[in-house]
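**Q** Supplied in structure tokens, the structure appears directly below.
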Amino acid sequence: MGGVTLVAKAADNKVLNVSELTTGDITEITSFGDFTVSATAEKKVTIDENKKVGDNGIEFTQRLKLNGSGSLEYRNVFFTTKGAATITVYAMSGSSSEDRPLLLMSADGTELARELALGVAGEGGVITAITYEVDAAGTYYLWSEKSSINFYYVEVAEKAAASAGGA
């Protein structure tokens, strides 16, 4: 069985599955549903074929290569939440010999969290999810602090707002 195997997602979750996108270079700010990729002609981002499997069973056939370190202006993926959310990212370092920091940034450029994107997949090409939590509405950016990171899949699961109760 080939192709992409999708795991059911909650109806409200935002998903960027790179395997569903058209291959080629991105040289300008480009939206893919609820997600936007920032690139310029000088700081391009590339979608190409690459097979991996997520630890949740999703089979990936393509990746989004940042092609270098990111910033608010280029080589990033960003999205907006209406409140608290869990962000799940399937990504790997662009180097098989070096794990690289994947940063979660706020819209003003403040670093909120960092996790390592591993350089080597597990047995069978399995990659483990990187998870971040945000506690408020906002626009959030993901980018590499050092050289390229490859994205396969990003999912944003917004948490239900607590109902306002009174005494």
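The values are calculated or read from the model by the stated rules, or taken from the named source; none is laboratory data. What you see is a predicted model, and the numbers here were worked out from it, not measured in a lab. In this analysis, Cβ positions are derived from the backbone assuming ideal geometry, glycine residues included, and neighbour counts consider all displayed protein chains. In case anyone asks, the SASA skips ligands and DNA or RNA and just uses the protein heavy atoms, side chains included. Shrake-Rupley method; radii C 1.70, N 1.55, O 1.52, S 1.80 Å.
**Q** May I ask for the distance between the Cα centers of segment 55-69 and segment 14-30, given as a whole number of Å?
**A** Taking the Cα centre of segment 14-30 as reference, the centre of segment 55-69 is 11 Å away.
**Q** Here is a further query. By how many nm would the segment from Ser71 to Asn13 lengthen if fully extended, with 0.36 nm per residue of separation less the alpha-carbon distance?
**A** 18.3 nm
**Q** Let me ask something additional. Report the far tail of the P(r) of segment 1-113, meaning the percent of Cα-Cα pairs longer than 21 Å.
**A** 41 percent
**Q** In segment 54-123, carbon and sulfur make up what percent of the accessible area (probe 1.4 Å)?
**A** Values: 1370 of 2930 Å².
Reported share for carbon and sulfur atoms: 47 percent.
**Q** Okay, moving on. Ignoring ligands, DNA and RNA, what accessible area per residue does segment 26-160 give at 1.4 Å, in Å²? Don't skip to the answer; put the middle values down first.
**A** On the way: 5940 Å² over 135 residues.
Per-residue value: 44 Å².
**Q** Once the principal axes of the Cα atoms of segment 92-134 are found, what is the range along each, listed largest first in whole angstroms?
**A** For segment 92-134, the Cα spread along each principal axis is 38, 19, 10 Å.
**Q** Going 7 Å from the Cα of Ile29 in the Cα-to-Cβ direction, what parts of segment 130-150 have a backbone nitrogen less than 16 Å from that spot?
**A** Flagged as within label range: 139-142.
**Q** Let me ask something additional. When the chain is treated as a GNM, springs tying every alpha-carbon pair under 10 Å, which of Gly138, Gly124, Gly57 comes out with the largest mean-square fluctuation?
**A** Gly124
**Q** Got a sec? Which residues in segment 112-139 would a label at Lys146 touch, if it sits 7 Å along Cα→Cβ and we count backbone N under 15 Å?
**A** 114-120
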